[in-house]
């Protein structure tokens, strides 16, 4: 991540995208306003509500867009809801 020279903090947009059978079924955006950080890194931690999901295979993709460098990082994992 690049450091915004105005705030001396990382400047990123983060989205969590939930998929089922390759189709997007939900999206959450991280709100970075007023969050404490150490100025050099960020830690992502988000609970995804699965209570309304039917049993089956799902995917979760985390998309991070660095506003300073313009680079985008994507990480995806599959998970299973059993009940």
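Here are some notes:
- Hey, residue 23 exposed (fewer than 11 other Cβ atoms within 10 Å of the Cβ) and at pLDDT 90 or above or not: yes
- Evaluation of residue 43 against (1) farther than 16 Å from residue 80 by Cβ; (2) at pLDDT 90 or above; (3) under 15 Å from the mean Cα position of the chain (by Cα) (one fails), failing number: (2)
The values are calculated or read from the model by the stated rules, or taken from the named source; none is laboratory data. Treat the numbers as computed from the prediction; the structure is a model and nothing was measured. Backbone-built Cβ (ideal geometry, glycine too); neighbour counts: all protein chains shown.
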